[in-house]
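S.K.: Questions regarding the structure given below will be posed in turn.
The values are calculated or read from the model by the stated rules, or taken from the named source; none is laboratory data. All of these numbers come straight from a predicted model, not from anything done at the bench. Please note: Cβ atoms are built from the backbone with ideal geometry, for glycine as well, and neighbour counts cover all protein chains shown.
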Amino acid sequence: MCSLGGSAFMLLTAMAFDRYVAICRPMRYAALVSPRTVKAVLLFCWLLPATMVLIIVLLAVCQPLCRSNINRLYCDVYSLNRLSCGGNAAQMSDVFAIFISIATVLLPVIFVLFSYSSILYVSLCRTRGSSSKALRTCLPHLLVFLNYRKHRIIYSQQSPYSL
């Protein structure tokens with residue numbers, strides 16, 4: 001779930017970058033968004049969260065367990081850390097989970113907010129026709145992003161290190 005969620009945020013960020021370059025830097029679009037660049041960004045969007053989650057799961061699985069009762073409907077890394085005896089591995093796993101949340105959720109959110117505020121500024125400064133086209137292009141993506149963010153906030157109320 002975290003890998004999929006992190007990948008979704010990273011992909012939404014890649015889409016925001018694409019729209020930012022297309023609207024705010026249209027003359028540089030062909031140079032910045034080549035097929036090779038798109039492939040590399042998509043690969044990064046899928047592999048970075050998957051690798052980070054794999055590391056955190058390996059850290060959690062290697063810990064000795066002192067308890068056996070999970071007070072949730074499902075088992076996640078946070079629950080496994082709470083079942084462990086503690087120690088450095090549990091603390092390292094918690095710190096790395098916070099790092100994962102920041103890298104795959106918080107930084108993309110900041111970039112999306114920056115890119116869409118720049119797009120809004122550029123759209124308001126241009127002619128009415130081009131600004132309405134830019135806003136119509138970006139509005140569905142922004143609604144998906146905000147909807148997904150709302151669901152992540154609800155999920156984060158259950159897990160202390162999910163943003």
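S.K.: Based on this model, can you work out whether Leu73 counts as among the hydrophobic types (A, V, I, L, M, F, W, C) and modelled with pLDDT of 75 or more?
M.R.: no
S.K.: Next question. So, Leu163, is that one at pLDDT below 75, closer than 30 Å to Ala22 by Cβ, part of a loop (DSSP other than H, G, I, E, B) and hydrophobic (A, V, I, L, M, F, W, C) or not? Quick ask: steps written out before the conclusion?
M.R.: Numbers: at pLDDT below 75: yes; closer than 30 Å to Ala22 by Cβ: yes; part of a loop (DSSP other than H, G, I, E, B): yes; hydrophobic (A, V, I, L, M, F, W, C): yes.
Judged against the criteria, Leu163 is a match.
S.K.: Among the helices (runs of 4 or more DSSP H) contained in the range 1-118, which hold 3 or more residues that are loosely packed, with under 15 Cβ neighbours inside 10 Å? Write out each step before concluding.
M.R.: On the way: elements: 2-24, 29-32, 35-61, 77-83, 88-101.
Fully inside the range 1-118 and qualifying: 29-32, 35-61, 88-101.
S.K.: Quick one: in the range 125-135, which of the residues that are part of a helix (DSSP H, G or I) and loosely packed, with under 11 Cβ neighbours inside 10 Å is modelled with the highest pLDDT?
M.R.: The qualifying residue modelled with the highest pLDDT is Cys125.
S.K.: Which number in (1) closer than 30 Å to Arg136 by Cβ; (2) touching a Cys at 6+ places or on another chain (Cβ under 6 Å) marks the one condition that Cys66 misses?
M.R.: (1)
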